[in-house]
Amino acid sequence: MGDIQIIGLSAGDPVPGLYTQIDFASGLASAGSSNYSVCLIGNLLSTGSAQSDGYLYGPDTAIPMQSVNDAITLFGQGSELHRGVRDFLSINPSTSLYCSPVKESTGSKASLVITILGTATAAATLRVNTPDGPVDTGIVSGDTPTVIGANVVTNVNAQADLPFTVVNASGVLTLTAKQKGLRGNWLQASAVILSQGGVTTTVSPSVQTAFTGGTTADSNANVLTFLSNSGHRFYYQTSAAEDATQLGALVSQINNQAQPLVGIRQRAVAGSVDTLANVTTIATGINAVRGEIVWLQGSDKVPFELACQATAAYSLFEQSLGAPHSVNFNGFGSDVDTQGFWNVKAPINGASPNRTTVKSALLNGITPIGVAHGSTSIVRRVTTRTLNGSVNDYRAADSCIPTIMDHFADDLDVQVASQMSGKVIGDDPVKGQLPPPVSVITPRNLKAIASALVDEYVANGLLQKGDQTKSTMIVQRNQSPSNRLSAQVALYPVDILNQVALDLQQV
């Protein structure tokens, strides 16, 4: 048999190291870290004290970021990063969380106009529906639109976490995004009059309406370069950018860094509230095991906040890999064990994906959020990898596959490094030969390490077909170069329980 080939590692490469290659959706082919930290990538406001486009803030950085208050100080209250940190920490305060600020767009801010008409002829309440919930303002008989509008401004602007501010001009309320750029157009708001009758004041729009007028995309290029050169491993990199260009660049970099010569295995998560057709184009264009998009069309949350909540849940429950909900996120948020770790509200506009829509999303590499009885939950968590060229290929669709493969690779790296450090290489002894001294490592030793880890993962419910994996494992000393041990291990991650079919027959 020829030598096992590792991408980028030529026979003449003289650099010592442990080079681990993971092949997804394959047949018989195939220093570790236990750090599975998260990095949020998004904009900051000019009111924040942080630097952008090449800086990192987290629990152990020169300027620490450990709390929501720290995020407000560093990134500005109501900024993308502040709200992302707030959403993440509300679910997961234990995973190490970092932020790498992207310089804000130079474009315009998105806005929405709410119009109040008519002097009140009875008491009522004007409710503004915001991404953080309703903000109510009392109305008394005789209040003019100007008076009502002024009171609304006071109450809405008092909610300083909101991603927009509001001004009043004779009952015409202008809501303006705090953050410049295109992503402000994902913001939504509406207003309604709550009354027992008799009030003649009206307000519009009364249905959730998207902001408009945000212009000019920002660029995550400098942040990606910084993260690539930093040497840090952020297992989940959660992006405020959900467009094909910027998200595609992030996933491409993560794919490159996961190659054996770099060996930094990471993943990207983004959100979407766009139409199914548009998010399908983005997901199928990315088509990567290491890229995920969580989607709820019409959500009152902007895409980044959906992604932050999902990442918080993923990284929290994967801390106890093998425990319930650690690899199977089907229905996450709908049962008593997970409801407290999922804070996405049902869309105010009543939007709810039907079964046909959910099926289409899953087949195109999109993680859909379902809506039922006024609550939401993750339907099924998948990667964006659905195509092998132009042919559908769902072998690496379930997101538990990269989770298990990456954890196994990390654990194997640690075991190999700890047991083989400082040793010399040798051949397996043949019958009649004395065993080599403890200072000599042979293919048999490497196979024993890998086999023991396979048994451990099988016992923890993370791998299946352990005997088959061990029996087909190929471990050899290369012919060229002869100072390299290579192993090829076919792993079978567990299948998650997706469906239960019951045929009930009345006899």
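So here's what we get for this one:
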{"read-out": "Of 478, 332, 277, farthest towards positive along the dipole that unit charges on Lys, Arg, Asp, Glu beta carbons give the chain", "value": "478"}
{"read-out": "C-alpha center-to-center spacing [segment 185-232, segment 323-360] in angstrom", "value": "22"}
{"read-out": "Equivalent ellipsoid, segment 388-507 (semi-axes from 5 times Cα gyration tensor eigenvalues, Å)", "value": "38, 17, 14"}
{"read-out": "Listed residues 420, 65 arranged by accessible area, highest first, probe 1.4 Å", "value": "420, 65"}
{"read-out": "FRET efficiency, 1/(1 + (r/R0)^6) with R0 60 Å, evaluated for residue 468 and residue 167 via beta carbons", "value": "0.35"}
{"read-out": "Total charge dipole magnitude, segment 196-320, about the Cα centre, Cβ charges on Lys, Arg, Asp, Glu only, Debye to nearest 20", "value": "340"}
{"read-out": "Dipole of the chain, positive direction: furthest Cα of 404, 37, 225, with charges on the beta-carbon", "value": "225"}
{"read-out": "Stretch gain in nm, segment residue 222-residue 174, where the contour uses 0.36 nm per residue and the Cα spacing is subtracted", "value": "13.9 nm"}
{"read-out": "17 Å cut-off, amide nitrogen to a point 7 angstrom out along residue 204 Cα→Cβ, residues in segment 141-167", "value": "145"}
{"read-out": "Identified option (computed volume of the Cα convex hull per residue in Å³; candidates (i) 184; (ii) 175; (iii) 158)", "value": "(i)"}
{"read-out": "Protein-only accessible surface order, largest first, of 434, 97, 321 at 1.4 Å", "value": "434, 321, 97"}
{"read-out": "Net +/- balance of residues flanking residue 362 in space, Cβ distance below 15 Å, scoring K and R +1, D and E -1", "value": "+3"}
{"read-out": "Sparsely packed GluC sites (Glu not before Pro) within segment 258-356, loop by DSSP, other Cβ within 10 Å at most 10", "value": "none"}
{"read-out": "Separation between Cα centres of segment 237-299 and segment 76-107, rounded to whole Å", "value": "18"}
{"read-out": "Computed [θ] at 222 nm, helices only, for the chain once each DSSP H run of length n ≥ 4 contributes -39500 (n - 2.57)", "value": "-8500 deg cm²/dmol"}
{"read-out": "Label point distance in nm, residue 392-residue 229, each placed 7 Å from Cα along Cα→Cβ", "value": "4.5"}
{"read-out": "Linear extension gain, residue 459 paired with residue 69, 0.36 nm per residue minus alpha-carbon span", "value": "136.1 nm"}
{"read-out": "Residue 262/residue 159 FRET efficiency (R0 30 Å; Cβ-Cβ; nearest 0.05)", "value": "0.10"}
{"read-out": "Three-way shape call for segment 350-424 based on the alpha-carbon gyration tensor, with the a/c threshold at 1.5", "value": "oblate"}
{"read-out": "Dipole axis of the chain (+1 Lys, Arg; -1 Asp, Glu on Cβ), positive-most option in 141, 375, 249", "value": "249"}
{"read-out": "Between segment 409-468 and segment 119-173, the Cα center-to-center distance that results, in Å", "value": "68"}
{"read-out": "Label-to-label distance, nm, for residues given as residue 496 and residue 357 (7 Å Cα→Cβ offset)", "value": "2.1"}
{"read-out": "Nearest-10 value in Å² for the accessible area of residue 356, using the 1.4 Å probe", "value": "110"}
{"read-out": "Spacing of the two label points (7 Å from each Cα toward its C-beta) at residue 123 and residue 421, in nm", "value": "7.4"}
{"read-out": "Cα-based Lys pair tally, the chain, threshold under 13 Å, eight or more apart or on separate chains", "value": "5"}
{"read-out": "Check: segment 295-446 dipole with +1 on Lys, Arg Cβ and -1 on Asp, Glu Cβ, in debye", "value": "380"}
{"read-out": "Percent antiparallel among DSSP beta bridges (both partners in the chain, rounded to 5)", "value": "70"}
{"read-out": "Student exercise, the chain dipole from Lys, Arg, Asp, Glu Cβ charges, in Debye to nearest 20", "value": "400"}
{"read-out": "Length gained when the stretch residue 439-residue 281 is fully extended (0.36 nm per residue, less Cα-Cα span)", "value": "51.4 nm"}
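The values are calculated or read from the model by the stated rules, or taken from the named source; none is laboratory data. Only a predicted model underlies this, so the values are computations on that prediction, with no experimental measurement involved. Virtual Cβ from ideal backbone geometry, glycine too; neighbours counted across all protein chains shown. For accessibility, only protein heavy atoms count, side chains too; no ligands or nucleic acids. Shrake-Rupley method; radii C 1.70, N 1.55, O 1.52, S 1.80 Å.
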